[in-house]
1. Using a cut-off of under 15 Å, list every residue of segment 142-162 whose amide N is near the label point 7 Å from the Cα of Asn97 along the Cα-to-beta-carbon line.
2. Figure the gain on full extension for Asp109 and Asn200 (residue separation times 0.36 nm, minus the Cα-Cα span) and round it to one decimal in nm.
3. Quick one: what are the phi-derived ³J(HN,Hα) couplings along segment 197-209, Karplus 6.51/-1.76/1.60 with θ = phi - 60°, whole Hz, x for glycine and proline?
4. Can you compute the radius of gyration and Dmax for segment 153-239, using only the Cα atoms, both in Å?
5. Under a crude label model (7 Å from the Cα following the beta-carbon direction), how far is Ala224 from Ser118 in nanometres?
6. Going by amide H atoms built from the backbone, whose H comes under 5 Å of the H on Leu236, apart from near neighbours?
7. Output wanted: per-residue J couplings in Hz (rounded whole) for segment 186-191, from phi through Karplus 6.51 cos²θ - 1.76 cosθ + 1.60, θ = phi - 60°, x for Gly and Pro.
8. Say R0 is 25 Å: what FRET efficiency, to the nearest 0.05, do Ser79 and Asn175 get from their beta-carbon distance?
Amino acid sequence: MVTKLMLKNKKTSQKGNVFFLILIGVFLFGALAFTFTRSGQQGTNNISKQQAKVAAQEILNYARLVEGAVDRVRRNGCSESEISFENSTVSGYTNSNAPADNSCHIFHDNGGKIEYSSPVQNSTLHTANIRFIGVDQILGIGNDCANSSCSELYIFYRTKSFNLCKEINALVGINLIANDIPLENGLNGSPLFTGSFTYNTNPLGDDNDGTSFVGKQTGCIKDANESGFYDFYHVLLAR
């Protein structure tokens, strides 16, 4: 009788333990699902610090690669107006000034000897492919003047990620201001460079937190004109 009672109690205890473990499993699964749901709702705008570091380094490496190619064609005798970013991936860069032998084409074996690519393939981080622009002047880089002869040739990349912009700035020595990205009037993402320079009357470095970018070849600004966006630039040719 005692043995049967003990066995019954043991079975009841085992059932209770199993039920308790099931409850724990349901709770943990629910917590995990909540974490993934929350992560999905936040989206890639809030990529982790480590992911941002990797992406930032990728962008900077590519920018310096293109800068080296620009320097290469310049040393081979190409003028500013002959530089061509024409490629087989993105249209709009045809430069009628460029020599027919492609010696001034950045993305050609006869010229810059590099391939066109868009770093950070995650399209949710940006609004467009990386671009090559000749519109804005960055104060303290090259000559400062109020006309197109002082506009720089630069890479432009607009992102929605605070962390990515922050890590880019950290790598080039630009500090946060009041725990935020320094604010500036937005850089121009158009027109694409096809041999001629235009001029933006608001050079980078003359308003808001602009002093953070004076003399900086590379940086990432918080766009004062486009809420929620950050603009990366890297000067390829200071003028």
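Readers should treat all values here as calculations from the given coordinates under stated rules, not as data from a laboratory. Nothing here was measured: the structure is a model prediction, and the numbers come from that model. Cβ coordinates were reconstructed from backbone atoms using ideal geometry, including for glycine residues, and neighbour counts include every protein chain displayed.
1. 148-154
2. Gain on stretching Asp109 to Asn200: 29.4 nm.
3. So the J values, rounded to whole Hz, are 9, 10, 9, 9, 6, 10, x, 5, x, 10, 8, 6, 9.
4. 12.3, 40
5. 2.9
6. Under 5 Å from the amide H of Leu236 lie the amide H atoms of Leu153, Tyr154, Ile155, each far enough along the sequence or on another chain.
7. Karplus values, whole Hz, x for Gly and Pro: x, 6, 8, x, 7, x.
8. For R0 = 25 Å, the calculated efficiency reads 0.10.
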